[in-house]
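Let me begin by presenting the structure, written as structure tokens, before commenting on it.
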Amino acid sequence: MTNLPPVDEDHARDWIFEYSEAKRMAPYRANVILEKALLDTQPAPPDEDECCGSSCCPCVLDLWREEVAVWKAVRDGTSVETLAARKNFKS
């Protein structure tokens, strides 16, 4: 897991709000992303049994990859526009 400096909560809230608006994200999903972005360590991957292998859209692995990308972005200065423009978050 990657450890980056802690993020300012106000900065994270503003960043996530802009990101969720750009992605037209449901409020529940925006709150989950914010919760993960405020963690001190990178979000943990889902358990192996959480992915059913049926190519769901979105897959829990896709959601986790987005959470990790946002977690990093709020810390390293990536712009909302840059991350919101990404179509997927494959590693």
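Rule-based calculations on the coordinates, nothing more; no lab input. Everything quoted here is computed from the prediction, not taken from an experiment. Here the Cβ is made from the backbone with ideal geometry for all residues, glycine too, and neighbour counts use every protein chain on show.
In table form, for the structure just shown:
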item	result
Helix-only [θ]222 nm of the chain, DSSP H runs n ≥ 4, -39500 (n - 2.57) each, per residue, nearest 500	-16500 deg cm²/dmol
Cβ-based charge dipole, the chain, positive-most Cα from ALA73, PRO45, LEU83	LEU83
Per-residue HN-Hα couplings for region 60-70 [Karplus 6.51, -1.76, 1.60; θ = phi - 60°; Hz; x = Gly/Pro]	4, 5, 5, 5, 5, 4, 5, 4, 5, 4, 5
Candidates ASP14, ASP40, ASP49: whichever shows maximal mean-square fluctuation once the chain is modelled as a Gaussian network with Cα springs under 10 Å	ASP49
Region 11-53: trypsin sites (Lys or Arg not before Pro) in DSSP coil with no more than 10 other Cβ atoms inside 10 Å	ARG24
Within straight-line cross-link reach of LYS36, aspartates and glutamates at Cα separation under 14 Å, skipping those fewer than 8 residues along the same chain	ASP8, GLU9, GLU66, GLU67
Most mobile of GLU18, GLU48, GLU81 in a GNM of the chain (Cα contacts under 10 Å)	GLU48
Dipole moment magnitude, nearest 20 debye, region 9-84 about Cα centre, only Lys, Arg, Asp, Glu C-beta charged	220
Relative contact order %, the chain, counting alpha carbon pairs below 8 Å whose residues are six or more apart	36
